[in-house]
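Report on the following structure.
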There are 4 protein chains.
Amino acid sequence: MADVPTGLWLIGARGSVATTAITGLLALRRGLAPPTGCVTELPELAGVPLPGWDDLVVGGHDVVGTALPERAERLADGGVLPHRLVEAVAGGLRAVDGEIRAGYHPVTHRGSQADAARRLAADITGFRERHGLARVVVVNVSSTEPPAPDVAEHDDLAALERALADPERAVLPPSSVAAYAALRAGCPFVDFTPSTGIALPALDELARRERLPYAGRDGKTGETLLRTVLAPMFGARALRVRSWSGTNLLGGGDGATLEDPAHAQSKIASKARGLDALLGKDVTAPLHIDNVPDLGERKTAWDHVSFEGFLGVPMSLQLTWTGIDSALAAPLVLDLTRLVAAAHAAGRTGPLGALAFFFKDPLGSDEHRFAEQTRELYRWAQELA
Amino acid sequence: MADVPTGLWLIGARGSVATTAITGLLALRRGLAPPTGCVTELPELAGVPLPGWDDLVVGGHDVVGTALPERAERLADGGVLPHRLVEAVAGGLRAVDGEIRAGYHPVTHRGSQADAARRLAADITGFRERHGLARVVVVNVSSTEPPAPDVAEHDDLAALERALADPERAVLPPSSVAAYAALRAGCPFVDFTPSTGIALPALDELARRERLPYAGRDGKTGETLLRTVLAPMFGARALRVRSWSGTNLLGGGDGATLEDPAHAQSKIASKARGLDALLGKDVTAPLHIDNVPDLGERKTAWDHVSFEGFLGVPMSLQLTWTGIDSALAAPLVLDLTRLVAAAHAAGRTGPLGALAFFFKDPLGSDEHRFAEQTRELYRWAQELA
Amino acid sequence: MADVPTGLWLIGARGSVATTAITGLLALRRGLAPPTGCVTELPELAGVPLPGWDDLVVGGHDVVGTALPERAERLADGGVLPHRLVEAVAGGLRAVDGEIRAGYHPVTHRGSQADAARRLAADITGFRERHGLARVVVVNVSSTEPPAPDVAEHDDLAALERALADPERAVLPPSSVAAYAALRAGCPFVDFTPSTGIALPALDELARRERLPYAGRDGKTGETLLRTVLAPMFGARALRVRSWSGTNLLGGGDGATLEDPAHAQSKIASKARGLDALLGKDVTAPLHIDNVPDLGERKTAWDHVSFEGFLGVPMSLQLTWTGIDSALAAPLVLDLTRLVAAAHAAGRTGPLGALAFFFKDPLGSDEHRFAEQTRELYRWAQELA
Amino acid sequence: MADVPTGLWLIGARGSVATTAITGLLALRRGLAPPTGCVTELPELAGVPLPGWDDLVVGGHDVVGTALPERAERLADGGVLPHRLVEAVAGGLRAVDGEIRAGYHPVTHRGSQADAARRLAADITGFRERHGLARVVVVNVSSTEPPAPDVAEHDDLAALERALADPERAVLPPSSVAAYAALRAGCPFVDFTPSTGIALPALDELARRERLPYAGRDGKTGETLLRTVLAPMFGARALRVRSWSGTNLLGGGDGATLEDPAHAQSKIASKARGLDALLGKDVTAPLHIDNVPDLGERKTAWDHVSFEGFLGVPMSLQLTWTGIDSALAAPLVLDLTRLVAAAHAAGRTGPLGALAFFFKDPLGSDEHRFAEQTRELYRWAQELA
Ligand SMILES: NC(=O)c1ccc[n+]([C@@H]2O[C@H](COP(=O)([O-])OP(=O)(O)OC[C@H]3O[C@@H](n4cnc5c(N)ncnc54)[C@H](O)[C@@H]3O)[C@@H](O)[C@H]2O)c1
Ligand SMILES: NC(=O)c1ccc[n+]([C@@H]2O[C@H](COP(=O)([O-])OP(=O)(O)OC[C@H]3O[C@@H](n4cnc5c(N)ncnc54)[C@H](O)[C@@H]3O)[C@@H](O)[C@H]2O)c1
Ligand SMILES: NC(=O)c1ccc[n+]([C@@H]2O[C@H](COP(=O)([O-])OP(=O)(O)OC[C@H]3O[C@@H](n4cnc5c(N)ncnc54)[C@H](O)[C@@H]3O)[C@@H](O)[C@H]2O)c1
Ligand SMILES: NC(=O)c1ccc[n+]([C@@H]2O[C@H](COP(=O)([O-])OP(=O)(O)OC[C@H]3O[C@@H](n4cnc5c(N)ncnc54)[C@H](O)[C@@H]3O)[C@@H](O)[C@H]2O)c1
Ligand code: NA
Ligand code: NA
């Protein structure tokens, strides 16, 4: 698939994760940095037919106006990006900025959600045609939404489309409007956030009907990554985990969003699902997400695991993870774009459970153990070859 | 293999690990505690023909005289064993104590090492006959020795046996005398320590000639266990580990032994081999083992990992492990006894690389990744069925 | 004041803190343990006229029936008390148990709160007379209550007493009923909990009228102790603290009580007051208290401090405190009893601000800096001599 | 003393600490940054007659040639200095660079150490005259040396000067040659490193004869600072510290120097003295300093404290300090310059024990408790007013 021009359309294209992914892609393309953090560059995935760095063209939606070069400068001040890289790719950033369109915002939008979706889809198809792209992968990296209430229309495509046409209703959360628009534009969709996005039966129905693959949800980049690596160890050693307590301190845009308990709820639910699946329900597992603005783009997570060994003796493990969230997420966004493009080219449809490796709350898979996810990823990717 | 009476002969039978294993076995047999920490009780190993808890008979060698019930009391004071369990199995401890014989000590021994080995072997065969055992697995849990100097006789069995016969030489370190005696008594051998033990070409030659399996070396129970779980994650995510620094604080008998830098050297070498294999040689990896007597049987290990992500941004992970070393080791000693007995019954010979799961420095295997070791263990064990 | 028989009356006499204090006192009296943790045994307080260990007689109120010897056994299982000590002082525990009376419980009580207070006061005066005590110090170590709503009667003793007489009202929370009863019985009062207790203008009025001293509130034994030690360092070095985040994991009775967010509120408020006073209001300071039952009597607190140094560079400090709460609290309960008895003997009245050293939320003092509190304690105590 | 032109002469003027101090001074002077980390700007020191930021003129010695602006750029890359600040003060850095002279290096020097000292002293007096300075404070921030062997001439000034004149001897380590030269030039001396420097009886004799004050030794900026803050807490609470273990991971120039065990020895000795003084000799206190180059200018220190509470129960405290060493040191270098200049102006001579607040191994004081040091500093400084 090298030399096949491929689009990456980012929902939230001016956010930290998006800006880091775009800057990094421009740097990789010019050989200014090694592909650290890019899973698709590992020898284990050699031979998989992926689009090259040069083949990727980027555009997206956002609801804020800050231009990408400025956003990247601010990330450099925050230690996410090296200053000299940002300077070196300033031209490329301006070019991508020209491909960013106004996203759907429920507060400012007038008209039905169907109108909104049509407009979003048109932005994407215009981009595809303008650049002569074989396909466009739409990736949601916009702000986390609160959990959406269940409504019957979410379970049935026909009912959903009737509701969408009603200008007095807003039956879908914005992330799902974005997913719907992507599918209507014939694009595979990746949900990197814990928002509802594509995870509704009606949208799954649409994806299958349109023969489109999708993947999600909520990029696994820090505390949860560690948990899915470590929890299986306790199991394999027959040690009894009694409690797994976690505190996450983060600043940045994500910290500000998650300060609102309603928004944090999605994230906490998404994190908790993994632990339950790995350790069972009888483990005490308090979990906190705190907005600590001065941390900027850094995130610190502390986990305390208490467990019992032979004859019931109590022991403990503590972890402190100090990461730059966007730097962990951005290469995965590029990896997912390449892998989902390849899956689309190979005719895969529906949820790509083999991409569970990348997600806190994997769609199409119940596997949370990281080592098993890794093996499954390699196996699946090699089948695309 | 249930109902096949099987011996467990412990070198260092009055040490912390041994005493904990013996007390635990007696408790398991009477249903006084669940088999937490016992890998052989996991569903994944169901169906493997292993001796039952009731089938195991214990004896051993040691060079100190403290009776097992007293040793167990002291471990209860140190939080390793519940007081009430020690009281409940006091009779059983006294019985095992009656099966402990004086080990080989280079300082007090007179005569050739061949004489010593004959005497040790006779202790083991006497035990086997007295209890009508189908086989005896010899497990070394004695104090860690300093690394032994290389001598040519270690590479050739015939030359070794000539040197052993010379009363003026002490060609083998005590752990290797024990291994030699075990093999001469027709017994499989397990090396739970980082000492030289069976890891000499001449002893491998003997084991193969006698058609005996063996396993080793250095039980993987704490910091190294975590490293072999976590290091593969960095690899799978294409993150670049730059340094992995470790400090181990421990008291107890093991702490006192490792206070001597010569003895610590074996342990540090054994720990380092794993990290090199997992991450390569260009990772800065300072490692310390400190004797902190007041910690008693508790061990605290702190690891600091610094790594680079996308575009070179620096991040870090810290781990603090607070464990009771003997409580982590003891169930593995029982697991290894059962698995090696089954391997012997099934005619396996030479180093059992499939048991790498249990060891810091696995004999017969170059696999250090814990998840791969786990899969290999399950696969191998099911083949014994 | 040695040889002056002095009473210690514990509200919550069967709780963890109380049981540990009682067991420890019995052990100290018999020379079975050194006075580790007892501030009043430091050379800096030599010469202060304090009652001796032999002079203290203990009784109290509680609302549960578990006998002290059983309670102490359970604490020994949890690692708070050495088993052999509990056995050694079993007789003494039974004797103290005979001096415990039923406390006031709003759910089971019938009649006015004035009736309840009369009954509680009678229990205390009966105890004082029965044992010929010069004075009785009443110390509240009962379960933390939720914050009490402000009502006008709390500000005026006459109004309060009118309301207390009304059988249809429950104008005071139980901790304040206990404080009121203590004062009516002519006893100094110590509030070791964050509950309302004596911290009401009307009760201060009563204490002054009765010429009684009192002290509080909320024993400072872990995370807050560290904060009041470390925060002044940042100030003295002109470093700018930006955030101080804390997570407390605890089990035991206190963990169970604080699981209820209403009860936790008092504790969180009491902890927060210190940090505000030390660092000012513009420091981000999320704080969590989680009930983790398997930790039993152990408490683990993690603090993450982010601060700015020269030219704005960000740095951080992390602390993990792993303590046995009751073992930290109990000697302070004995210290406070001795010091408040001495203050009463010396004619001190009202809040004893010089005891701020012992409390998270000191009554009668705004000083939170530990070093200053220490100096003030020594100065004040020497004045009693 | 505002408006009194005062020199700061840095030994090691191109090192990290020096470059950070110089850049910061230039920034403070232009109001580009607040004086975070500068103790002399605290209200407690208001009114002390100190030279202002504008009054300070900087020069120094070094043995490497990298120009200050380049050195500052590299520190900005390492996160020690903000890039925009370095750019803003580039002109000022170039000016200071013009005042840096070649230091004394034992390997390249030819002739007697007396010759070397004369040349160094001439550099300093030339600087003083050229800028019309009232006084010059010489501050040693050069690389840590190994401990120097004791020789009789160190105890007696006359004997020392005879040995210095002998071109075949090198009786003093470089830091002491620098101190000797400073005193001969009539300058007060500050030793910010653990090297021998001025801490020799013969140099103390010289300082007193010349009526010069001096201060040292080894700036207290991280782990030791925390220890002198926390250790007194354990004492004041009568808790029994059993072990205090420390691991320091650091990169940068200091990390490289301390990789050599001989050089590390001075640092470890200087750190250990404080702990012994605070806690006594029977505390187990292993201490490690590891060179971890990838950490760059960041330093991470982990301390594990185990202690006993009431009735002997074991508890622990862990600390992880993640700091930028030079950012912690630099403002103290400026503070010391101002305070020592004021002390000189006020006629103080000999070791300034009241500056113990700043040092790991204070000269002229046995006080290691940080709170007491703070009070003493304030008291002493106010006396200069
Ligand atoms: N390691 C990680 O960084 C990580 C891991 C997992 C998930 N995530 C998720 O990725 C998302 C992005 O994180 P971030 O740190 O970049 O956050 P951010 O706040 O920096 O960026 C989010 C962007 O989304 C935009 N946006 C908001 N609503 C929109 C809408 N309706 N349409 C289009 N754009 C919209 C915002 O304007 C903003 O530019 C979050 O949901 C986060 O939870 C991140
Ligand atoms: N988690 C763990 O506890 C763990 C993990 C890996 C390896 N190990 C290894 O297991 C071994 C035992 O550890 P421990 O904590 O029980 O130590 P320990 O000091 O309590 O016990 C060692 C015993 O070996 C005996 N011994 C010494 N020399 C002997 C000889 N020549 N012959 C027979 N007996 C001899 C000693 O007398 C002692 O009773 C150590 O080598 C340790 O490194 C332990
Ligand atoms: N380090 C510490 O342990 C520490 C520090 C500061 C404050 N405290 C406070 O000390 C108190 C006791 O802690 P604990 O761990 O012993 O708790 P606990 O739950 O073990 O004991 C509390 C006791 O109070 C009794 N009680 C409840 N309501 C009562 C009433 N109305 N009258 C009389 N007795 C009553 C309970 O029955 C129980 O026996 C708590 O409020 C806690 O917040 C403890
Ligand atoms: N927090 C801290 O940074 C801190 C705290 C306490 C002590 N110190 C001490 O401060 C000193 C400087 O630390 P740094 O991080 O700046 O180290 P650095 O290696 O960056 O700088 C040391 C400088 O000294 C110069 N130098 C070496 N020998 C010299 C000589 N004979 N004459 C003149 N210059 C010479 C070197 O060329 C180098 O430029 C070290 O001794 C360190 O131990 C630093
Ligand atoms: Na191997
Ligand atoms: Na001193």
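The values are calculated or read from the model by the stated rules, or taken from the named source; none is laboratory data. Predicted model, so just to flag it, every value in this text is computed and none were measured. Methodologically, a virtual Cβ is constructed for each residue, glycine included, from the backbone with ideal geometry; neighbour enumeration extends over all protein chains shown. Accessible surface is based on the protein model in full, side chains and every heavy atom, while ligands, DNA and RNA are left aside. Shrake-Rupley method; radii C 1.70, N 1.55, O 1.52, S 1.80 Å.
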Open item on the list: I'd like to know how the stretch B:223-324 sits against the 2.2 N^0.38 Å rule of thumb: what's its Cα Rg over that expected value?
Closed with: 1.14
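Quick one: if the Förster radius is 45 Å, what FRET efficiency do residue A:130 and residue B:379 give, using the C-beta to C-beta distance and rounding to 0.05?
The formula returns an efficiency of 0.25 here.
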TODO: Have a look at the DSSP beta bridges in chain D and tell me what percent are antiparallel, nearest 5.
DONE: 45
TODO: Sort out for me the Cα centre separation of the stretch D:282-320 from the stretch B:256-332, rounded to whole Å.
DONE: 15
Open item on the list: Considering the Cα positions of the stretch C:1-55, please state its Rg to one decimal place and its Dmax as a whole number of Å.
Closed with: 12.0, 33
Task: When the convex hull of its Cα atoms is projected in every direction, mean area for the stretch C:1-147 (nm²) - done: 10.2
Open item on the list: Once each part is reduced to its C-alpha centroid, what is the distance from the stretch A:33-96 to the stretch A:124-161 in angstrom?
Closed with: 23
- [ ] Calculate how many DSSP beta bridges within the protein assembly as shown are antiparallel, expressed in % of all such bridges and rounded to the nearest 5.
- [x] 45
Task: √(5λ) per eigenvalue of the Cα gyration tensor, chain A, largest first, Å - done: 32, 25, 22
Open item on the list: Going through the cross-link list B:267/B:299; C:220/C:281; A:299/A:360, which pairs have a Cα-Cα distance over 26 Å in this structure?
Closed with: none
Task: Value of D in µm² per second that Stokes-Einstein yields for the protein assembly as shown, Kirkwood Rh from Cα pairs, at 37 °C (0.692 mPa s) - done: 91
TODO: Quick one: check the C-alpha center-to-center distance for the stretch B:340-367 versus the stretch B:191-207, whole angstrom.
DONE: 13
- [ ] Roll a 1.4 Å probe over the protein heavy atoms and report the accessible area of residue A:244 in Å², nearest 10.
- [x] 0
- [ ] For residue D:298, enumerate residues with amide H under 5 Å from its amide H, sequence gap 5+ or separate chain, H modeled in the peptide plane.
- [x] D:251
TODO: Calculate the all-directions average of the projected area of the stretch C:217-267's alpha-carbon convex hull, and give it in nm².
DONE: 4.5
Open item on the list: I need the peptides B:180-187, B:164-171, A:12-19, D:89-96 ranked by packing, meaning the mean over residues of other C-beta atoms within 10 angstrom, with the highest value on top.
Closed with: A:12-19, B:180-187, D:89-96, B:164-171
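Mind checking the mean number of beta-carbon atoms from other chains within 10 Å of the Cβ atoms in D:21-31?
So the per-residue partner count for this stretch is 1.
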Task: At 7 Å out from Cα toward Cβ: residue C:379 inter-copy label distances (nm, ascending) - done: 1.2, 7.4, 7.5
TODO: Kindly provide log₁₀ I(q)/I(0) values, in the same order as q = 0.13, 0.17, 0.18 Å⁻¹, from the Debye equation applied to equal alpha-carbon scatterers of the stretch C:296-385.
DONE: -0.63, -0.88, -0.93
TODO: Would you mind estimating how fast the stretch B:103-240 diffuses translationally, via Stokes-Einstein at 25 °C and 0.890 mPa s with the Kirkwood radius over Cα pairs, in µm²/s?
DONE: 150
Task: Label distances, nm, residue C:54 versus same residue in remaining copies, Cβ-directed 7 Å point - done: 6.0, 7.4, 9.5
Task: Largest to smallest accessible area among A:83, B:105 [probe 1.4 Å] - done: B:105, A:83
TODO: Considering Cα pairs under 8 angstrom that are at least six residues apart, work out the relative contact order of chain C and quote it in whole percent.
DONE: 21
Task: Neighbourhood charge, 9 Å Cβ-Cβ cut-off, centred on residue D:217 and excluding it, Lys, Arg +1 and Asp, Glu -1 - done: -2
Task: For residue C:91, label point 7 Å along C-beta direction: distances to other copies, nm - done: 3.3, 9.0, 9.5
Open item on the list: Of D:264, D:323, D:235, which is farthest towards the positive pole of the stretch D:195-354's charge dipole, taken about the Cα centre with +1 and -1 on the beta-carbons of Lys, Arg and Asp, Glu respectively?
Closed with: D:235
TODO: Please give the average number of partner chain Cβ atoms lying within 10 Å of the Cβ of each residue in A:328-337, rounded to a whole number.
DONE: 2
Open item on the list: How tilted is helix C:68-77 with respect to the longest principal axis of chain C? Cα atoms for both, answer in degrees (0 to 90, nearest 10).
Closed with: 20
Task: Under 11 Å, Cβ to Cβ, from residue A:162 - net charge with Lys/Arg +1 and Asp/Glu -1 - done: -3
Task: ³J(HN,Hα), Karplus 6.51/-1.76/1.60, whole Hz, each residue of the stretch A:217-223, x for Gly, Pro - done: 9, 6, x, 9, 10, x, 3
Task: For residues of B:287-297, the mean tally of beta carbons on other chains within 10 Å - done: 5
- [ ] Tell me which residues come under 5 Å, amide H to amide H, from residue B:216 once H is placed; ignore anything under 5 positions away on its chain.
- [x] B:191, B:352, B:363
TODO: May I ask you to evaluate 6.51 cos²θ - 1.76 cosθ + 1.60, the Karplus curve with θ = phi - 60°, for each residue of the stretch A:316-324 and list the ³J(HN,Hα) values in order in whole Hz, giving x for glycine and proline?
DONE: 8, 10, 10, 10, 10, 10, 10, x, 9
Task: Separation in nanometres of the label points that stand 7 Å from Cα toward Cβ, at residue D:156 and residue B:208 - done: 7.4
- [ ] Starting from the Cα of residue B:102, step 7 Å along the direction of its Cβ; do the same at residue D:256; then give the gap between the two resulting points in nm.
- [x] 6.0
- [ ] Using only alpha carbon positions, build the gyration tensor of the stretch B:60-130, then give the equivalent ellipsoid semi-axes as the square roots of 5 times its eigenvalues, largest first, whole angstrom.
- [x] 30, 15, 7
